[in-house]
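What follows is calculated from the coordinates using simple rules that are stated; it is not laboratory data. What you see is a predicted model; the values in this text were computed from it and never measured. Cβ sites come from the backbone with ideal geometry, for glycine too, and all protein chains shown count toward neighbours.
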Amino acid sequence: MASQFDLMNILVGQETDKNYRKKPVIVQGMTGSFGSIHTQLMRDYGTNITAGVTPGKGGQEFDGIPIYNGMGEAVKQTGASISVIFVPASNFLRAAIEALDNGIKLLVAIPEHVPVIDSLKLIEYAKLKNARIIGPNTPGIIVPEVIKIGIMPAQPFKTGNVVLLSRSGTLMYELAYSLSKANFGQKLCMGIGGDPVNGTNLIECFDIIRGINDVECIVVVGEIGGDAEELLAEYILETSYPKPVIGYIAGRSAPKEKRMGHAGAIIYGNYGSAESKMASFFKSDVPVAKTPSEVPILLSQRLKK
């Protein structure tokens, strides 16, 4: 039987390390108002925050956590392979490249409004470094009751065997609450990111999850705009995906050719519409919930098959 940590191990690329609660995490931008709040919340959850990086503030401490001027020193002192970034979008690419250059293998990118060209450059660079990017514009990753790397609230999540992948942060929280309330705990919940370009896309996530034996089902929270859900549905059909999948599409009533919240959520004609995504999912035998509260109902029905 696969360990409950297998998915995170594969994301980080260290399948032999089972002790994730003690795994060191660096926070880039820890001393900013946003970074400092979420550093405390992550640590309160049990995440092992071992260092912060803020240029010019090396030698200081934040609530007992050492601050370093650069990632080289932080990684050397902590041995961390995970970093979460809270720096402004204008500084994001430089901070992310510095992290990858110093051995970070899983980088969780919180900032929004990152230029698409910067995201594209970083994704290509991460491939060269054999590293994985989550985001940008992501709420992060949580393995319930084990580790939280990001800005999601802790309360909606409960440990179990359902994987929840979402393009929307707030809807990830709402869906997790609906699942937990119905006693469908989660093995891992991850925000793909609301930007047009994602460091790790839905198909890549499904590929990672495919071989994890104790993942019971995958819940996908999609939204209007782009073709991520259509491509995923095609992948599910063409590869005879072995695990049950439940879908939910946000933005059904959104007007065409208007951006709705996320940079990736814009429809042109029928391209990227909720109808297009729902039709693709139905074709791939993926039931689509009309409301978040309907997801556990569809999940119960699917798992009885």
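Could you compute the net charge surrounding R167? Neighbours are other residues with a C-beta less than 10 Å from the C-beta of R167; K and R count +1, D and E count -1. Taking every Cβ under 10 Å from that of R167, the sum is -3. Placing +1 on the Cβ of every Lys and Arg and -1 on the Cβ of every Asp and Glu, with nothing else charged, gives the chain a dipole about its Cα centre of roughly 420 debye. At full extension, Q40 and R94 could sit 17.0 nm farther apart than now, given 0.36 nm per residue minus the alpha carbon distance.
Shape of segment 74-129 from the C-alpha gyration tensor: oblate (a/c of 1.5 or more and a/b not above b/c, with a ≥ b ≥ c the square roots of its eigenvalues). Relative contact order for the chain: 13 percent, from Cα pairs under 8 Å spaced at least 6 residues apart, divided by residue count. Using just its DSSP H runs of length 4 or more, each adding -39500 (n - 2.57), the chain gives a mean residue ellipticity at 222 nm of -10500 deg cm²/dmol after division by all residues. If R0 equals 22 Å, the separation of the Cβ atoms of T291 and T170 corresponds to a calculated FRET efficiency of about 0.90.
Put a plus charge on the Cβ of each Lys and Arg, a minus charge on the Cβ of each Asp and Glu, and nothing anywhere else: the dipole of segment 140-303 about its Cα centre is then about 420 debye.
The dipole here belongs to segment 8-149: it is taken about the Cα centre, uses +1 on the Cβ of Lys and Arg and -1 on the Cβ of Asp and Glu, and is about 260 debye. Run the paramagnetic zone check for L303: 7 angstrom along Cα to Cβ, then residues of segment 199-219 with backbone nitrogen under 19 Å. Residues passing the 19 Å test: 209-219. The HN-Hα couplings worked out from phi for segment 54-68 by the Karplus form 6.51 cos²θ - 1.76 cosθ + 1.60 (θ = phi - 60°) are 9, x, x, 10, x, x, 7, 10, 10, 6, x, 9, x, 9, 10 Hz, whole numbers, x standing for Gly and Pro.
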